[in-house]
């Protein structure tokens with residue numbers, strides 16, 4: 001049985017995002033970037049697919065927490081003889097890639113145990129592992145192809161791969177303060193496994209560091225763990241001090257803003273949708289996708305909440321990323337890119353991995369990158385308009401890009417698309433996509449009228465008005481008194497809850513209220529949670545079902561709050577925030593029957609939806625207080 005997602009913590013150095021389980025196992029780690037091949041991918045298979053477990057022998061976890069406003073994780077273990085605290089963190093230093101693990105004995109005595117199974121390239125490459133002298137002390141060096149990993153710390157003694165006894169004939173793995181190299185698997189070449197136990201007394205502190213480096217480079221210097229921890233705490237404290245948060249949900253809103261920052265690659269400005277790949281939307285099913293890329297939609301929506309909370313610097317960085325990613329190819333814009341702006345994200349299946357709870361295939365890359373989705377430019381234009389309204393001036397390149405994006409919309413004006421949810425079925429005129437295209441032209445018109453920028457405003461106004469007439473006529477079905485998922489169906493879609501956010505109509509417009517009623521009737525389950533759409537119609541071209549989608553549920557909170565249903569908004573908000581794990585993290589979906597988080601984790605979509613919902617409730621309360 002796989003570890004439940006709610007038992008994982010996220011670490012981040014703004015380059016990658018490993019997951020650490022409650023019992024101390026790093027089961028997912030990609031180096032050196034979020035979208036690099038995994039060094040540990042036990043989460044998509046088993047322990048021998050790579051992990052680093054550090055646990056207290058005969059102990060149990062009695063507490064875990066992030067140090068306030070950081071991604072420094074503290075886990076406290078209690079054993080029959082003592083108490084230890086494990087501190088895990090990634091220093092956001094920008095010049096190297098480290099995972100630091102510190103163990104402190106708080107009282108009594110205790111033993112901690114390591115189980116380190118280094119695998120490269122999603123467990124497809126077996127590393128060459130050996131002990132080396134480094135800065136006057138032993139270190140474990142692992143090399144495979146372009147990847148090098150150096151593990152430093154109190155290794156003390158070493159037993160060779162084929163010699164598991166020390167000089168006195170004792171099994172080295174049983175000796176306190178010993179690492180042992182063993183091998184796993186049956187027959188043929190087997191992968192190395194490094195184990196060790198270390199005995200601590202009250203006041204003892206032991207530090208380990210796993211450092212990635214290009215295999216052809218010199219070995220990285222040993223890290224100063226005290227200094228690295230101080231720098232990590234200082235970084236997150238300084239970043240958090242820039243935030244503006246004023247809601248009754250401050251702690252989880254702050255954590256959500258921190259998650260969005262943690263999913264941002266600091267050097268490039270790219271914002272990944274999630275740090276994980278192929279965690280299923282339905283256990284045992286095929287809806288398993290790689291989310292470690294920069295969706296223009298997801299990133300744009302993230303930028304909106306960042307701007308709303310005073311983070312315009314990060315928004316400018318993302319705008320620069322966008323300029324580089326799209327560059328001179330605005331006529332062939334992608335819906336997603338690699339973290340550095342890469343355009344080739346070929347989807348592949350990893351047949352050697354069993355999948356999270358046997359959910360196969362395991363996929364890396366994402367074939368949806370080549371889809372046409374009509375809504376994407378609209379989300380980008382809305383975010384850039386917010387940045388402009390916040391006082392960040394356009395330059396000749398950023399406004400030129402936006403004009404190119406509107407030309408792209410014009411060229412594709414009559415084109416059917418795959419929709420916001422990356423459906424792999426037939427193409428349609430999806431109402432949400434057409435409304436987002438309306439929003440794109442609307443923001444172009446406003447940029448000229450309100451900010452004095454140049455552009456063919458009469459043409460943009462004409463196309464905007466044509467879209468409004470089309471959506472009013474074909475996107476709203478008067479027989480069912482609702483907007484529809486697409487022009488050729490009477491089905492509804494949770495994405496319709498975004499229509500007011502675009503400015504297309506008011507939250508309390510009668511057509512919107514009747515659409516909400518239809519969505520509640522068709523897409524809400526017995527627990528009050530929303531599905532994206534009805535999968536049994538076959539519209540997405542995939543087998544199986546999925547669970548309620550959390551951002552859609554937060555959109556419903558926002559709609560309730562903005563249309564006079566504040567009590568219902570607050571009740572649903574309390575329900576949804578209760579689904580976050582003990583560290584305030586949310587995945588893509590939630591299974592209310594099993595009480596489990598489902599899908600890629602943690603999910604930017606869910607956290608930005610939470611922030612917007614909290615902001616909407618706060619605004620509604622202010623309006624009530626003013627009347």
Take the residues of region 510-534 that are over 30 Å from the mean Cα position of the chain (by Cα) and farther than 18 Å from residue 568 by Cβ: which is surrounded by the most Cβ atoms within 10 Å (Cβ to Cβ)? 511
Considering only helices (runs of 4 or more DSSP H) fully contained in region 490-562, which possess at least 3 residues that are closer than 24 Å to residue 584 by Cα? 550-562
How many residues are out of contact with any strand residue (DSSP E or B) (no Cβ under 9 Å at 6 or more places or on another chain) and either part of a loop (DSSP other than H, G, I, E, B) or at pLDDT below 95 (or both) when one looks only at region 588-614? 4
If a residue must be assigned to a helix (DSSP H, G or I), more than 16 Å from residue 205 (Cα to Cα) and in contact (Cβ under 8 Å) with a residue 24 or more places away in the chain, how many such residues does region 219-242 contain? 7
When every residue in region 69-100 that is without any contact (Cβ under 8 Å) to a residue 24 or more places away in the chain and assigned to a strand (DSSP E or B) is compared, the one surrounded by the most Cβ atoms within 10 Å (Cβ to Cβ) is 78
Which strands (runs of 3 or more DSSP E) does region 24-68 wholly contain that include 3 or more residues that are crowded, with 23+ Cβ neighbours inside 10 Å and at pLDDT 95 or above? 25-30, 38-40, 51-56
What's the number of the condition residue 89 fails, among (1) over 28 Å from residue 596 (Cβ atoms); (2) under 19 Å from the mean Cα position of the chain (by Cα)? (1)
With region 115-159 as the region, which strands (runs of 3 or more DSSP E) entirely inside it contain at least 3 residues that are more than 26 Å from the chain's Cα centre (by Cα) and at pLDDT 85 or above? 128-134, 137-144, 147-152
Of all residues in region 6-43, how many are farther than 17 Å from residue 116 by Cα and either assigned by TED's automatic domain parsing to the domain that holds residue 351 or touching a residue at least 24 places away in the same chain (Cβ under 8 Å) (or both)? 17
Exactly one of 211, 230, 300 is in the same structural domain as residue 618 (by TED's automatic domain parsing) and either in contact with a helix residue (DSSP H, G or I) (Cβ under 6 Å, 6 or more places away or on another chain) or at pLDDT 95 or above (or both), and that one is 300
So for region 338-348 (the condition being over 18 Å from the mean Cα position of the chain (by Cα) and farther than 30 Å from residue 406 by Cα), does at least one residue qualify? yes
Take residue 585 and decide whether it is under 20 Å from residue 277 (Cβ atoms), at pLDDT 95 or above and buried (at least 21 other Cβ atoms within 10 Å of the Cβ). yes
Residue list for region 318-358, filter: crowded, with 20+ Cβ neighbours inside 10 Å and in contact with a strand residue (DSSP E or B) (Cβ under 8 Å, 6 or more places away or on another chain): 318, 321, 325, 335, 336, 337, 338, 339, 345, 350
Can you confirm whether region 401-416 contains a residue that is over 26 Å from residue 292 (Cα atoms), surrounded by fewer than 19 Cβ atoms within 10 Å (Cβ to Cβ) and at pLDDT below 90? no
Region 565-582 - residue that is under 18 Å from residue 66 (Cα atoms) and touching a helix residue (DSSP H, G or I) at 6+ places or on another chain (Cβ under 7 Å) and, of those, surrounded by the fewest Cβ atoms within 10 Å (Cβ to Cβ): 581
Residues 547, 607: which one is under 26 Å from residue 309 (Cβ atoms) and either buried (at least 24 other Cβ atoms within 10 Å of the Cβ) or outside the structural domain of residue 301 (by TED's automatic domain parsing) (or both)? 607
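The values are calculated or read from the model by the stated rules, or taken from the named source; none is laboratory data. Remember, predicted model here, so these are calculated numbers, not experimental data. Positions of Cβ are backbone-derived with ideal geometry, glycine not excepted, and every protein chain shown enters the neighbour counts.
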